[in-house]
Amino acid sequence: MSVKTSSSEALFKSEAWFERAQLHIPGGVNSPVRAFRSVGGVPRFIERGEGSRIFDVDGKSYIDYVGSWGPLLLGHRPKPVIDALREALDSGTSFGAPTSREVELAELISKTVPSMEMVRLVNSGTEATMSALRLARGFTGRDLTIKFEGCYHGHVDSLLVKAGSGMATLGIADTAGVPKAFAETTIALPYNSIAAVEQAFAQRGNEIAAVIVEPVVGNMGCVPPAPGFLEALRHLCTRYGALLILDEVMTGFRVALGGAQQRFGIQPDLTTLGKIVGGGLPLAVYGGRKDVMQKIAPLGPVYQAGTLSGNPLAVAAGLAMLRYLVANPQLYDQLEARGKQLTEWTPPGVTINRVGAMFTMFFTPDPVTDWESAKKCDTARFGRYFHFMLERGIYLAPSQFEAAFLSTAHSEDDIRYTVAAAREFFAAEAATA
Ligand code: HOZ
């Protein structure tokens with residue numbers, strides 16, 4: 001078909017910046033998927049964002065379904081967050097000492113996600129999962145972790161085994177630089193396979209410290225848990241004395257105010273949060289059962305620290321964001337309705353998975369329930385779709401294996417325009433088949 005694989009439009013400034021970037025930044029980007037490697041073409045250099053839109057350095061605007069990869073549930077520059085940031089900025093940028101807002105944020109997180117009886121603030125999702133895992137090992141005195149193929153928990157050494165996100169996008173099975181001994185502490189199993197988890201526990205149950213899972217996967221594209229899967233993980237962890245860690249970096253405050261654990265009724269031992277909890281600033285959280293969290297220094301023997309942990313700007317943004325969500329719970333119904341509107345039409349030869357305000361159109365006609373089924377997607381066809389949409393001002397993640405994110409700033413018109421553009425793509429495809 002005649003749909004182009006890269007934009008035919010002039011991209012003078014983005015192209016120039018990308019060339020310049022590659023001289024001093026590996027691949028020209030500070031996080032691999034941004035480089036457009038799997039879809040081809042030139043990454044757009046973004047100048048600013050407003051509501052549902054981003055604007056590139058060449059003056060073109062896009063309806064944004066990346067939303068900074070998840071944090072921007074209220075769209076770009078939401079007033080409550082920007083106002084809180086302005087106010088915090090006047091008092092200083094970092095103290096390395098406790099502040100009252102950290103306490104207020106911790107209280108609010110515990111209130112909205114009740115399984116998080118105590119929390120620690122850190123700077124990124126990677127830090128949160130790394131620390132949660134260390135804590136689980138310190139608490140149980142065991143070394144092994146179960147994770148699931150296609151799930152991504154940040155670039156923690158031992159968790160970069162059969163990981164999703166950029167590794168799936170770039171086809172890197174297991175990263176260089178991770179000592180074999182670290183990788184051997186991880187048992188990677190198929191997502192949604194209760195039988196595989198049962199078998200692993202039956203074989204090595206007394207060595208397993210934790211099961212870590214994205215309760216709704218976002219990092220191989222959006223893949224929901226099969227009925228009973230999360231419940232089975234809960235049951236097996238309890239039975240064998242392992243901790244259940246829900247990685248809610250993507251799902252926290254997105255699929256429900258109380259995250260996936262509220263939506264699916266699962267009580268984890270530990271939870272990791274990132275993205276939305278920081279209101280678009282670098283902030284993440286790990287937390288959970290009090291008896292487990294009390295093992296962290298200075299109360300206990302598990303060490304974790306950080307100069308910028310609880311940074312006042314990040315905390316101000318996160319607190320403003322959560323306060324807004326708590327005060328406006330009806331926004332989750334609005335997101336659900338917009339999500340439905342966007343995904344109610346399923347084009348030929350694709351599968352759409354959606355949970356609340358996250359979704360993926362997989363270029364395979366078959367159900368996608370795990371990494372085996374996700375990797376059957378026609379990524380070249382996805383690449384053509386991606387560029388077709390980009391040319392029409394719709395910014396999707398430049399990878400088949402990432403979720404798309406809706407925000408409250410997406411209007412009905414934005415959705416209608418997006419669906420119309422998608423229909424145009426599939427009609428053009430059918431016409432040239
Ligand atoms: N791995 C991130 C999404 N799953 C990408 C983050 C980024 O490139 O900003």
Members of segment 377-424 that are assigned to a helix (DSSP H, G or I), crowded, with 20+ Cβ neighbours inside 10 Å and not aliphatic (A, V, I, L, M): 382, 383, 384, 385, 386, 387, 388, 414, 418
Filtered residues of segment 138-168 (kept if small (Gly, Ala, Ser) and outside any loop (DSSP other than H, G, I, E, B)): 138, 158, 166, 168
For residue 345: the one exception among (1) buried (at least 18 other Cβ atoms within 10 Å of the Cβ); (2) touching a residue at least 60 places away in the same chain (Cβ under 8 Å): (1)
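Could you pull out the residue among 84, 88, 128 that is modelled with pLDDT of 95 or more, in a helix (DSSP H, G or I) and closer than 18 Å to residue 293 by Cα?
On the way: 84 fails: closer than 18 Å to residue 293 by Cα; 88 fails: closer than 18 Å to residue 293 by Cα.
Selected residue: 128, the only one of 84, 88, 128 that is modelled with pLDDT of 95 or more, in a helix (DSSP H, G or I) and closer than 18 Å to residue 293 by Cα.
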Filter pass, residue 145 being under 18 Å from residue 248 (Cβ atoms), away from the ligand (no atom under 15 Å from the Cβ) and over 19 Å from the mean Cα position of the chain (by Cα): yes
Residue satisfying condition, being without any contact (Cβ under 8 Å) to a residue 60 or more places away in the chain and not aliphatic (A, V, I, L, M), within set 254, 234: 234
Of all residues making up segment 40-52, the number that are assigned to a strand (DSSP E or B), surrounded by fewer than 20 Cβ atoms within 10 Å (Cβ to Cβ) and free of Cβ contacts under 8 Å to residues at least 60 places away in the same chain: 4
Test: residue in segment 178-193 that is touching a Pro at 6+ places or on another chain (Cβ under 8 Å) and hydrophobic (A, V, I, L, M, F, W, C): no
Residue identified as without any contact (Cβ under 8 Å) to a residue 12 or more places away in the chain, farther than 17 Å from residue 407 by Cβ and of a type in the set (A, V, I, L, M, F, W, C) among 314, 305: 305
Unmet criterion (only one of (1) out of contact with any Pro (no Cβ under 7 Å at 6 or more places or on another chain); (2) of a type outside the set (Phe, Trp, Tyr); (3) surrounded by fewer than 21 Cβ atoms within 10 Å (Cβ to Cβ)) for residue 316: (3)
Segment 162-185, residues that are within 16 Å of the ligand (Cβ to nearest atom), within 18 Å of residue 133 (Cβ to Cβ) and over 17 Å from the mean Cα position of the chain (by Cα): 175
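Among the residues of segment 222-239, is there at least one that is within 16 Å of the ligand (Cβ to nearest atom) and on the phi < 0 side of the Ramachandran plot?
Yes: one or more hits.
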Matching residues in segment 381-405 - criterion: being touching a helix residue (DSSP H, G or I) at 6+ places or on another chain (Cβ under 9 Å), more than 16 Å from the ligand (Cβ to nearest atom) and hydrophobic (A, V, I, L, M, F, W, C): 388, 389, 394
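Hey, any hits in segment 27-39 for a residue that's more than 16 Å from the ligand (Cβ to nearest atom), more than 26 Å from residue 335 (Cα to Cα) and not in a loop (DSSP other than H, G, I, E, B)? Spell out how you get there, then give the answer.
Within segment 27-39, the subset more than 16 Å from the ligand (Cβ to nearest atom) is none.
The answer is no; no qualifying residue exists.
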Options 281, 270, 257: the member that is within 16 Å of the ligand (Cβ to nearest atom) and modelled with pLDDT of 95 or more: 281
Search result, residues across segment 99-125 that are in a loop (DSSP other than H, G, I, E, B), more than 20 Å from the chain's Cα centre (by Cα) and of a type in the set (Val, Ile, Thr): 99
Matching residues, segment 54-75, being away from the ligand (no atom under 15 Å from the Cβ) and either touching a residue at least 60 places away in the same chain (Cβ under 8 Å) or crowded, with 21+ Cβ neighbours inside 10 Å (or both): 60, 61, 62, 63, 73, 74, 75
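Return yes or no: is residue 409 farther than 21 Å from residue 34 by Cβ, touching a residue at least 40 places away in the same chain (Cβ under 8 Å) and touching a strand residue (DSSP E or B) at 6+ places or on another chain (Cβ under 6 Å)? Before you say what the answer is, go through the steps one by one.
Numbers: farther than 21 Å from residue 34 by Cβ: yes; touching a residue at least 40 places away in the same chain (Cβ under 8 Å): yes; touching a strand residue (DSSP E or B) at 6+ places or on another chain (Cβ under 6 Å): yes.
It is true that residue 409 is farther than 21 Å from residue 34 by Cβ, touching a residue at least 40 places away in the same chain (Cβ under 8 Å) and touching a strand residue (DSSP E or B) at 6+ places or on another chain (Cβ under 6 Å).
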Selection count, segment 364-376, where residues are assigned to a helix (DSSP H, G or I) and buried (at least 18 other Cβ atoms within 10 Å of the Cβ): 3
Tally of residues being over 23 Å from residue 287 (Cβ atoms) and either of a type in the set (D, E, K, R) or touching a Ser or Thr at 6+ places or on another chain (Cβ under 6 Å) (or both) across segment 216-247: 3
Residue in segment 158-179 that is touching a residue at least 40 places away in the same chain (Cβ under 8 Å) and under 20 Å from residue 238 (Cα atoms) present: no
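The values are calculated or read from the model by the stated rules, or taken from the named source; none is laboratory data. Computed from a prediction, not measured in an experiment: that's the story for all the values here. Because the Cβ atoms are built from the backbone with ideal geometry, glycine has one as well, and the counts that use them run over all protein chains shown.
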